[in-house]
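**Q** Before anything else, here's the structure in question.
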Amino acid sequence: MEPKKNPKADIRRNSPTYLQIGLIAMLLVTYLVINWKQYEKVDTDVQALNILDDLDEEVPMLDDIKPPPPPPPPPAAPEVIEVVDDEEEVPETIIQDAEVDQEAEIVIPEDVEVEEEEVDVEVPFAVLQDKPIFPGCESAPNKEKCMQEKIDKIINRKFDTEIATDYDLEGKQTIYVAFKIGKDGKVSNIRPAVRGKSAKTMSPKAKKALENEAKRVIGLLPKFKPGKQRGKAVIVPYMVPIKFVVTD
């Protein structure tokens, strides 16, 4: 029986397409063959590490290690034996008793007198128990008033008021003189100072001249009977004002 043929079928019409598919298939097979590489399979046996096995390992103790024995000591030197002659006398050592002999006399030191160092004490005139006494005022009923009157008389008689005229001073002049009556009754440490309104306009030379004159006059005071506090002589500070008026 003969196959039926399609008169419209044209085999040559699809030949280029089949050719291209064949070429692509050959190229793909060739590429796979070139890049194909075979590796040998190696069976790797991974063994798990057990940490607890390491902990079970015995650690040697240091105490069990014994140190080496010490070296033997050096040989001792031979002892020298000194031969003592029996005929030589050995001095006998006498041990004295440390106890005190009851019959021995015990000397008790006498009391040593310590000299008290005298201290210069100053006591203000107002709180002094026994005030200084000016010579001639011992029997006066008011010794303080008597002393002040005696001092004023000496100042009025001895002070040179002509100094104010020499320096053309006018009006009232006041000089305060501070001094100390010592434990021996002598006047010392005289410190005069000009005060008042005229002192502000007074020249330094005039002021110095008045202060020097006041210091000279106070230095003429006689020796006082010293003041006392609790029966002991003390230093007594004192102050005297010297006042005078310059008139034309």
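**Q** Report, by residue number, each residue of the range 164-223 that is surrounded by 18 or more Cβ atoms within 10 Å (Cβ to Cβ), within 46 Å of the chain's Cα centre (by Cα) and small (Gly, Ala, Ser).
**A** Within the range 164-223, Gly182 is the sole residue that qualifies.
**Q** Which pairs turn up if I take residues in the range 146-172 that are on the phi > 0 side of the Ramachandran plot and look for partners that are exposed (fewer than 13 other Cβ atoms within 10 Å of the Cβ) with beta carbon separation below 7 Å, at least 6 apart in sequence or on another chain?
**A** Between residues of the range 146-172 that are on the phi > 0 side of the Ramachandran plot and residues that are exposed (fewer than 13 other Cβ atoms within 10 Å of the Cβ), the close pairs are Gly171/Val245.
**Q** Looking at the range 176-208 only, could you name the residues that are hydrophobic (A, V, I, L, M, F, W, C) and either under 16 Å from Pro135 (Cα atoms) or modelled with pLDDT under 95 (or both)?
**A** Ile181, Val187, Ala193, Val194, Ala199, Met202, Ala206
**Q** Only one of Asp120, Asp101, Asp168 is in a loop (DSSP other than H, G, I, E, B) and either modelled with pLDDT of 90 or more or within 16 Å of Pro226 (Cα to Cα) (or both); which?
**A** The conditions single out Asp120.
The values are calculated or read from the model by the stated rules, or taken from the named source; none is laboratory data. All values derive from a computational prediction rather than experimental measurement. Please note: Cβ atoms are built from the backbone with ideal geometry, for glycine as well, and neighbour counts cover all protein chains shown.
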